[in-house]
1. So which residues in region 43-77 are surrounded by fewer than 19 Cβ atoms within 10 Å (Cβ to Cβ) and in contact with an Asp or Glu (Cβ under 9 Å, 6 or more places away or on another chain), if there are any at all?
2. Return the residues of region 104-117 that are surrounded by fewer than 19 Cβ atoms within 10 Å (Cβ to Cβ) and either in a helix (DSSP H, G or I) or on the phi > 0 side of the Ramachandran plot (or both); say none if nothing qualifies.
3. Please go through region 9-57 and give me each residue that is within 18 Å of LYS133 (Cα to Cα), within 13 Å of the chain's Cα centre (by Cα) and of a type in the set (Gly, Ala, Ser), ordered by number.
4. Does ILE124 count as modelled with pLDDT of 95 or more, outside any strand (DSSP E or B) and crowded, with 18+ Cβ neighbours inside 10 Å?
5. What pairs can you find where one residue is in region 123-137 and hydroxyl-bearing (Ser, Thr, Tyr), the other is surrounded by 12 or more Cβ atoms within 10 Å (Cβ to Cβ) and outside any helix (DSSP H, G or I), and their Cβ atoms are less than 6 Å apart, with a gap of 6+ or different chains?
6. Here is a list: LEU131, LEU87. Which entry is surrounded by 13 or more Cβ atoms within 10 Å (Cβ to Cβ) and either within 12 Å of the chain's Cα centre (by Cα) or modelled with pLDDT of 95 or more (or both)?
Amino acid sequence: MRGGYILRITREEWLRQVFELKKYYPGVRRAWTPGLTVLLARKMEAGDSFVGYGTIGDFVKLENLSEDERSMCRRMGWRGAIIFENLFKFDPPLPIKETILRYSKAKGKYLHGFSLLSEEVDSILNRAEELCKIYKV
């Protein structure tokens, strides 16, 4: 059984970049292993909401990135690059308060890097299927 993580993306430009490049540069240390599900969250009008999810295809360590990417990552405190195998977008975003995590103590910035059990990932994705159109990017 595989679980996953939440990445809370604070900047609109970074969110666009994730969906355009299918790549994210995490600053948090986690076991970014292929096959794990990453739920993407963002602060919205309705509160923190899931805006999509992806499956990790690969994680490229800092030393294996191009010189430009390495320089950017060092400057920003990032640890490498998650390369998404599959990436999906929710329309509309799914408010976290409408998921199994509504009672979680993790809120706001503490969602970033939050670990999820397989059952939690499945529950959130099932809820998203009920409430949202899910688009493959």
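The values are calculated or read from the model by the stated rules, or taken from the named source; none is laboratory data. Every value quoted in this text rests on a predicted model; they were computed, and no experiment measured them. Glycine gets a Cβ as well: all are built from the backbone with ideal geometry, and neighbour counts include every protein chain shown.
1. ALA46, THR55, GLY57, ASP58, VAL60, LEU62, ARG70
2. Hits for region 104-117 are GLY108, LYS109, TYR110, GLY113.
3. Scanning region 9-57 gives ALA41, SER49, GLY52, GLY54.
4. yes
5. From residues that are hydroxyl-bearing (Ser, Thr, Tyr), the pairs are TYR135/LYS89.
6. Working: LEU131 fails: either within 12 Å of the chain's Cα centre (by Cα) or modelled with pLDDT of 95 or more (or both).
Going through LEU131, LEU87 in turn, the sole match is LEU87.
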